[in-house]
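Below is one structure, written out as structure tokens; comments come after it.
The values are calculated or read from the model by the stated rules, or taken from the named source; none is laboratory data. Just so you know, these numbers come straight off a predicted model, no measurement behind them. Please note: Cβ atoms are built from the backbone with ideal geometry, for glycine as well, and neighbour counts cover all protein chains shown.
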Amino acid sequence: MLGFFLISCSGGEGSGDGGTTTGTAAAAPSIIRMAVTTDPDGLDPHATASASTFQVTSNIYETLVTVDEQGVIIPDLAESWTVSEDGLVLTFTLREGATFSNGLACDAQAVKASFERLLSQGVRSQDYSGISGIDVIDERTISFTFSELNVSALTLFAYPWAAVVDANAQDLRTNPVGTGPYMLSSWVPQQELVLTANPSYTGERHVDTVEFIMMPDMTSQVTALRGGQVDIILVTGDLVGQFEGDDAWSILAAPGNGLQLMAMNNASPALSDVRVRQAINHAVDKDALIEGVWWGYGEPIGSHFPVVLSEYVDTNGLYPYNPDRARELLAEAGYADGITLEMYLPRNYQEYVNAGLVIADYLKAVGINVSVQIVEWATWLSDIYNGRGYDLTVVGHTGRLDAYSLLSRYRSSSAENYLNYSDPAFDALLDEYSVTVDEVRRTEIAHEMQQRLAEAVPGLYIQDPIQIYVTPSSLKGFKVFPINIFAFNEVYFSQE
Amino acid sequence: MRRRGNPSLFIGLILTLLVASLGIIGVLHSPYDPEAMNLMQRFNGPSLEHPFGTDHFGRDMLSRVMMASGTALSSALVSVTLGALAGIALGTLAALAPRWLSTLVMRLVDALMAFPTILLALMAAAIFGRGLLPSVLAVCISMVPSFSRLTQAMVMEGRERLSIKAARAYGAPAWRIVIFHMFPPVLTRLVTQFTSAIGGAVLLESSLSFLGLGVQPPSASLGMMLSEARAYLLTYPWQVLPSGITLLVLVLGLNLLGDGLGSLLTRRSADGL
Amino acid sequence: MFRQLLRRILAAFIVMFLVSLATFAALEVVPGNAAIVSLGTEGNVEQLAALEAQLGLDRPLGERLFDYYSGLIRFDWGTSSYYGQPVWTLISQRLAVTFPLALASVLLALLIAITLGTVAAVRKGGVVDIISRSLVQLASAMPSFWLSLLLLVLFSSVLRLVPMGGYVSPAEDFGAYLNSIVLPLSVLVVGETGPLLRLVRSSMLEAIGEDWYTAAQVKGLRKGRVIVSYALRSALTAPLTSAGTQLAKLLGGTAIVESVFALPGMGRLFLTAVEMRDLQLVQGIVIFVSFFVVLMNLVTDIVLRLVNPALEPDGGGL
């Protein structure tokens, strides 16, 4: 019985190969299949904060403006924009003939309705609470008035959660209606999500169908790519060797806009002492950690700031790997006999778990006994992130486009300040940054904030991860952006 | 019937002792610290220094397997013992109690059977916190139904036996009847069930820890070692062997031991009659 | 008989109700809820409260329970908070994957068990008996997840005969479908065959030992005929009912195999639902699966009672 299946299987696979590999004289395949680990958390961009959603929805909806690979703001639904002299009013001119996939026109009125929806029921509505008025000037012109100066206001309109949706459509979670290049064709959870060309979209688009194939396991993704069942996968460092040196594959390794850190609870007794936090930083060999867990695919950081942002300043090297110095600092802080700290790690993120275990091993060497508990993601969010009941934890954050929204979680009063970091001088810098129009001064402040964090080390800042995508080398135009979006309309297969 | 040796008992005993002694040696003296990492020595194949090789953190796999086998055996023993006691108590109650109560008990047992073990383990972890205890409890609770069903059936069967009817006629109290007249003949089957349940418990515990419930790292468990090895299936496929083979040998040994013990005891009691 | 049946059915519903109440309790006890998961690391207290209100998570437990059960009575299984799709749609999608797999594995296992078990019983102590019993021991000691990994290494990584996971629906490409389920199917068959084979062998031995079998042989009927048409028929009750129960359990119980082979089945859906604290979906799956487990238990009891009318219903007073 088994034999029969195997024979019929290999036959099936062979014919499958013929259909998917390029090189035949026929037209290039008109489908791109990307392997992803999880389903999106619904397809309503206003109703979630999940990166897995935005990677899909950024192809269904458009934002007023968007970013290029360097994070520079470029037109999207709006073809141009102006900022008033006092910086309080942003006026956008919409692209002519923009139409939702249900055939309705996407005029200024529709954009207004979409932002009103975002403001009233979006999970990110807080970020947009500075908007005091939305005015429709004419069919293609809309202006947003802010109650106070916010120098990074324009970037607010580029994030995928500010996508323009048809506010009158029902149940966007499963029936998305946008103006983007694609629209939803079918979605079978844990299996596949298929997008087809949106006929009302007139911009650049090379491929008519985009499939997201759910494959939780990285090893299955690799074999699926080799077998021609998918075209784009995101791999971990250990698997790069499987493709290196083979012309059939192209490897795209670029620092993403994100950062990974071991957060410390600055309110817990031992960790409120800066010397203990410094000792922890001295105790860990960051390069070995990155090599051990990420196979070297990461840029070490010394502060809460990804290297890809223009305001980044290198703060590495303040606390080099030095176990003796770590023991000294612990003794100075009164912990010569050692301490026990609780570390919680999110189970769904194997690399954070691995990093935590490696760090725990380093800390043991300097007399810090770490008791590790691996918890489910939901538990982690509830008890650690929201409940702040922990000493140490390893986690990652997705990047933002400007220093203010990235660093505002370190404000003493911030509800997102799960590290319980408190520094009045830092709070003052944040305030100053948000109202400084002069770019040189703003960069200075951003540097100063990074420096303060790097010195006070509220966490052990590990790295800006390098994302490694592997595709067949015939696939072109796939780009990695500093925010969680993909632009599949720019992807195509070359005919060489 | 031809009288033959009892190869199941013999082989089962040897296999079980093999793994058990690994676990015991591990407690007394493991070759390396099973939790100590050495990032320079990752994925080393088997060698004289590391007979089972090293894992993705450069930890000695033999030491980890030793630690894990000890945990697997002892936690299975504890959870099956507790589960069996609870199951026997419930089963006896169901057999002897008034009809409404016994129906209630048996339906509760049914519900327990239908309730997903994973949820059970998560719930236990939420209530009792970290470590081995929640998974021991979850395994223990999932052992209850089979023991209570068996006990109930046997006690009801036994109730009809002559000696017991006689004891009742003489006015012996219920507890006396249960302890002196009902249990001895039942014991054989319970012992058999107990031994084979331990194999099942080891498997269940390892599959829970394969899913990440149970023993917490850096401590080792066989299921966890397998789930760690899974990430390197393409690059270092042999990583799944040390823990997997140990698990197979242990469960095989325990099952054979259970079978062997079962046939030994039934033969004894058959001879005795 | 009819009243008894009615009582058993009532009891079955009570069991399901108990299981689903326990599920509610479990999700109340376990930290985190759907709103927290949805917001992830970018949320704050106000957003959380708003989303909880939107999902109805801020209402008292009693009210939510009432809503859920009154919906269930109208066959409204609710909507998954994570996928935003009706729970029933999701369950039926999974059933299309899990049910054929479970059914095929139980049927194959039954076929192997009956063939080998009968031969083993008739030729007790013979080669087939010894080999099949050793295989049974090996199979029932084999951890399914380890076997899955070994098969993946061998057939996917080394021989590259089948993909390393993923699922193709049979409607799309039947060859690729077989390709995607052959390994998980084998793992399930290995797991199912052991207990069934034991059962077939022991009940065959019992049947052969009975007087009428000897009588039939004395009368000179052909041995093969006696075995197939008499002994096997009476010996098959136990293995068949047990296969039914195993099938019911498989509908919800292949989580590990499904997640190793990346099959979009019921078990993986359940794991994700628990992870995402998707109460409606967890409830739906638990109730659905426990319905089948309870149903199969009921059928087993009835069949056994029909075969052996001497058995008393459980729980007669002392």
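So which of C:Pro170, C:Pro184 is buried (at least 19 other Cβ atoms within 10 Å of the Cβ), under 24 Å from the mean Cα position of the chain (by Cα) and either over 30 Å from C:Ser134 (Cβ atoms) or modelled with pLDDT of 85 or more (or both)?
After applying the criteria, what remains is C:Pro184.
Please tell me if B:Phe115 is within 12 Å of chain C (Cβ to nearest Cβ) and at pLDDT 85 or above.
no
Looking only at the range A:347-356, decide whether some residue is acidic (Asp, Glu) and either within 14 Å of chain C (Cβ to nearest Cβ) or touching a Cys at 6+ places or on another chain (Cβ under 7 Å) (or both).
No: the range A:347-356 contains no residue that is acidic (Asp, Glu) and either within 14 Å of chain C (Cβ to nearest Cβ) or touching a Cys at 6+ places or on another chain (Cβ under 7 Å) (or both).
Could you list all residues from the range C:143-193 that are in contact (Cβ under 8 Å) with a residue 24 or more places away in the chain, under 21 Å from C:Leu251 (Cα atoms) and aromatic (Phe, Trp, Tyr)?
C:Phe145, C:Tyr167, listed by residue number.
Can you tell me how many residues in the range B:224-240 are within 15 Å of B:Ser206 (Cβ to Cβ) and out of contact with any Pro (no Cβ under 8 Å at 6 or more places or on another chain)?
5
Taking the range B:91-112, which residues are at the interface with chain C (Cβ under 7 Å from one of its Cβ atoms) and under 21 Å from the mean Cα position of the chain (by Cα)?
Result: B:Asp110, single match.
Taking only pairs six or more apart or across chains, which ones have beta-carbon atoms under 8 Å, a first residue in the range A:349-369 that is assigned to a loop (DSSP other than H, G, I, E, B), and a second residue that is among the charged types (D, E, K, R)?
Pairs that qualify, where the first residue is assigned to a loop (DSSP other than H, G, I, E, B) and the partner is among the charged types (D, E, K, R), are A:Val366/A:Arg327; A:Gly367/A:Arg327; A:Gly367/A:Asp337.
Which condition number does C:Ile73 fail, the rest of (1) away from every other protein chain (no Cβ under 12 Å); (2) surrounded by 21 or more Cβ atoms within 10 Å (Cβ to Cβ); (3) β-branched (Val, Ile, Thr) being met?
Status for C:Ile73: all satisfied but (2).
For residues that are away from chain A (no Cβ under 14 Å) and crowded, with 20+ Cβ neighbours inside 10 Å, tally how many sit in the range B:122-153.
Residues that pass the stated criteria total 14.
For residues in the range B:102-121 being among the polar types (S, T, N, Q) and over 18 Å from C:Phe270 (Cβ atoms), which is surrounded by the fewest Cβ atoms within 10 Å (Cβ to Cβ)?
Within the range B:102-121, the match that is surrounded by the fewest Cβ atoms within 10 Å (Cβ to Cβ) is B:Thr103.
Could you list, in sequence order, the residues of the range C:28-50 that are more than 7 Å from every other protein chain (Cβ to nearest Cβ) and crowded, with 22+ Cβ neighbours inside 10 Å?
Listed by number, the residues that qualify are C:Asn33, C:Ala34, C:Ala35.
Mind listing just one residue for me: the one in the range A:167-208 that is touching a residue at least 24 places away in the same chain (Cβ under 8 Å) and of a type in the set (Gly, Ala, Ser) and, of those, nearest to C:Tyr177 (Cα to Cα)?
This residue is A:Ser185.
Looking only at the range A:158-175, decide whether some residue is part of a strand (DSSP E or B), closer than 26 Å to A:Gln229 by Cα and under 25 Å from the mean Cα position of the chain (by Cα).
no
It is to be established whether one or more residues within the range C:188-199 are at pLDDT 90 or above and either touching a His at 6+ places or on another chain (Cβ under 8 Å) or at the interface with another protein chain (Cβ under 9 Å from one of its Cβ atoms) (or both).
Taking every residue of the range C:188-199 in turn, at least one turns out to be at pLDDT 90 or above and either touching a His at 6+ places or on another chain (Cβ under 8 Å) or at the interface with another protein chain (Cβ under 9 Å from one of its Cβ atoms) (or both).
Could you tell me whether the range B:40-58 includes any residue that is out of contact with any Leu (no Cβ under 8 Å at 6 or more places or on another chain), within 14 Å of chain A (Cβ to nearest Cβ) and assigned to a helix (DSSP H, G or I)?
Checked the range B:40-58: at least one residue is out of contact with any Leu (no Cβ under 8 Å at 6 or more places or on another chain), within 14 Å of chain A (Cβ to nearest Cβ) and assigned to a helix (DSSP H, G or I).
Which ones in the range B:2-50 are farther than 29 Å from B:Ser75 by Cα and touching a helix residue (DSSP H, G or I) at 6+ places or on another chain (Cβ under 6 Å)?
Residue satisfying the conditions is B:Leu39 alone.
Of all residues in the range C:101-132 being within 14 Å of chain A (Cβ to nearest Cβ) and surrounded by fewer than 18 Cβ atoms within 10 Å (Cβ to Cβ), which is farthest from the chain's Cα centre (by Cα)?
Step by step, filter the range C:101-132, then rank; the result is C:Thr115.
Could you tell me whether any residue of the range A:32-41 is modelled with pLDDT of 90 or more, in a helix (DSSP H, G or I) and either within 13 Å of another protein chain (Cβ to nearest Cβ) or surrounded by 12 or more Cβ atoms within 10 Å (Cβ to Cβ) (or both)?
No, the range A:32-41 contains no residue that is modelled with pLDDT of 90 or more, in a helix (DSSP H, G or I) and either within 13 Å of another protein chain (Cβ to nearest Cβ) or surrounded by 12 or more Cβ atoms within 10 Å (Cβ to Cβ) (or both).
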